[in-house]
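Below: the structure, in structure tokens.
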Amino acid sequence: MTLLKILLKALLYTSLTMANSLLANNDSCQPSSVKVQVLGSGGPELTIDRASSSYLVWLNDKAIVMIDTGGGSSMRFAQSKARWTDLQALLFTHFHADHSSDLPALIKASWFGGRQRDLSIFGPFAQDFMPSTTGFLQSLFGEKKGAYQYLSDFYDNDDEVADYRLIPHDIENITGTQLIFQNDKMTISAQQVKHGSIPAFAYVINICGLTVVFSGDTNGDGFENLTLAKTDFFIAHNAIPESAGRIAKLLHMTPTQIGEIAKHLNTRKLILSHRMNRTLGKEELTKKLIQKTYKGDIFIANDLDIFELESD
Ligand SMILES: [Zn+2]
């Protein structure tokens, strides 16, 4: 073999090995492959540095699950460098505007994004003054009456101009934990929780050995039906202080309740989000109240923060 041939062979071997390790890296499924990103750490108030509720779960370099699409989340999605083509599921905790209002912007933007496969959208059932997930999509993108019927190619228009469809899944009105999505790397379960009288769900994502729980907006009722061996990340909505009034407490968890639920879920890292003017500036007191029962790590979320197991 000539020296040149040996060199070429060595070069080929090196590039193949590099390609293989890159492939393995992109495809690996272990707790360190997973990241949770906060797109919107705010609530419904307009603030200069917080989008409304929204999160991503990343596996390696792909954002594969999005939870809620509150106002401002479409710009944060772009800033996170996530790609709409990578999403495997979009979950809505409920349909208050601060959790859902950027959906049309994201769908319109996806026209330019090259997604080729349908996107499953999971969310609550209907009740008197809230639509089901199907009804929500219908009201936005339905061919006949949708507010954005010009985007109905993504939903129920048979012209098939768009490259993919939104597929709604209405989660049932039952108190037990429901498995709603499953593939070889991930399962997603929904747990009905109480948020006043609005149908609302918390989500449990088991992915590559990690368990991530998103509380959504809730007063905490419902978590007693959820039993988990461990929760690596619990993203809890800290929308009210301990001193909140009766009505606010029907909708949201107090810090003391967050601590109790974090303990019940065997949480390792608690992330406080959905931050509002009434809780901003009270973080130290909030932590103290939570630490009455919960002894693990507590993080206070800001937009675009990324949480992973190595981040401690
Ligand atoms: Zn909210």
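Scanning the stretch 232-265 for residues that are in contact with a strand residue (DSSP E or B) (Cβ under 9 Å, 6 or more places away or on another chain) and closer than 17 Å to Phe299 by Cβ yields a count of 15. Looking at the structure I just gave you, is Gly245 surrounded by 17 or more Cβ atoms within 10 Å (Cβ to Cβ), more than 25 Å from Leu56 (Cβ to Cβ) and more than 16 Å from the ligand (Cβ to nearest atom)? No: the conditions fail for Gly245.
So which of Asn206, Asn219, Asn238, Asn225 ends up being touching a helix residue (DSSP H, G or I) at 6+ places or on another chain (Cβ under 9 Å) and either at pLDDT below 95 or surrounded by fewer than 24 Cβ atoms within 10 Å (Cβ to Cβ) (or both)?
Asn219
Please go through the stretch 84-131 and give me each residue that is in a loop (DSSP other than H, G, I, E, B), modelled with pLDDT of 95 or more and of a type in the set (Gly, Ala, Ser), ordered by number. The answer is Ser101, Ala126. Are any residues in the stretch 72-83 touching a Gly at 6+ places or on another chain (Cβ under 8 Å) and either in a strand (DSSP E or B) or crowded, with 20+ Cβ neighbours inside 10 Å (or both), and if so, which ones? Selection gives Gly72, Ser73, Arg76.
Considering the stretch 68-82, and only residues there that are within 16 Å of the ligand (Cβ to nearest atom) and touching a helix residue (DSSP H, G or I) at 6+ places or on another chain (Cβ under 9 Å), the residue that is nearest to Ile235 (Cα to Cα) turns out to be Asp68. For the stretch 106-137, residues that are more than 16 Å from the chain's Cα centre (by Cα) and farther than 26 Å from Thr218 by Cα total 12. For Ile258, state whether it is at pLDDT 95 or above and either assigned to a helix (DSSP H, G or I) or within 16 Å of the ligand (Cβ to nearest atom) (or both). Considered against the rule, which asks whether it is at pLDDT 95 or above and either assigned to a helix (DSSP H, G or I) or within 16 Å of the ligand (Cβ to nearest atom) (or both), Ile258 comes out as yes.
Residues considered: Phe141, Phe77, Phe154. Of these, the only one that is in contact with a Ser or Thr (Cβ under 7 Å, 6 or more places away or on another chain), of a type in the set (Phe, Trp, Tyr) and without any contact (Cβ under 8 Å) to a residue 60 or more places away in the chain is Phe141.
The values are calculated or read from the model by the stated rules, or taken from the named source; none is laboratory data. Note that this is a predicted model, so its numbers are computed, not measured. Note that each Cβ is placed from the backbone with ideal geometry, even for glycine, and that neighbours are counted across all protein chains shown.
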